[in-house]
Amino acid sequence: MGDAPVAVVRRYLDEIYHAGDVELVREITADGVVRHDPGGARTLDHEAQIARIRADLPQWQPWFTAEVLAGDDDHAVLVWTARGRTAERLLSGIEVFRVRDGRITDVWNTPYSTEPWG
């Protein structure tokens, strides 16, 4: 059955983004995660997911604060604020993750904001 969605998303933040263990993508995401954005969707295999994160991490090393992290047996909802550890940058957003058998299979994204949550 795998880990609960909230635990998988927490690992995604803590181990991949905060600790920099990008290879963990292979363990906790499907090899073909569908990223849904308003107006479209794209599927990223493990290599594309790792490349996307590796391109972003060194620029600012985001530290994610989960304003809300809640879920059920299939989904986790994350309301987050990310602040740069190595560059002056702030983003906030909302993402919904679908997790099947302990792996993230889908992520729905809102457009990101450069303002903190009020």
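Once the mean of 1/r is taken over each pair of separate Cα atoms and inverted, region 52-118 shows a Kirkwood hydrodynamic radius of 12.9 Å. Ranked by how many other Cβ atoms sit within 10 Å of their own Cβ, fewest first, the residues Val77, Val8 fall in the order Val77, Val8.
Residue order for Asp56, Asp3, fewest other beta carbons within 10 angstrom first, comes to Asp56, Asp3. Neighbours of Val79, meaning other residues whose beta-carbon lies under 12 angstrom from its beta-carbon, give a summed charge of -2 when Lys and Arg score +1 and Asp and Glu score -1.
Could you tell me what fraction of 2.2 N^0.38 Å the Cα radius of gyration of region 5-109 comes to, as a two-decimal ratio? Walk me through the numbers on the way to the answer.
Working: Rg = 12.9 Å, N = 105, 2.2 N^0.38 = 12.9 Å.
It is 1.00.
Here is how the number arises for the chain: DSSP H runs of 4 or more residues each give -39500 (n - 2.57), the sum is divided by the residue count, and the result at 222 nm is -6000 deg cm²/dmol. Derived scalar couplings between HN and Hα for region 76-84 equal 10, 10, 10, 9, 9, 10, 10, 10, x Hz in order, rounded to whole Hz, by the Karplus curve 6.51 cos²θ - 1.76 cosθ + 1.60 (θ = phi - 60°), x for Gly and Pro. Using Cα atoms only, what is the angle between the long axis of helix 46-60 and the major principal axis of the chain, expressed in degrees (0 to 90) to the nearest 10? The answer is roughly 20 degrees.
Values in this text are rule-based calculations from the coordinates and carry no lab data. What you see is a predicted model, and the numbers here were worked out from it, not measured in a lab. In this analysis, Cβ positions are derived from the backbone assuming ideal geometry, glycine residues included, and neighbour counts consider all displayed protein chains.
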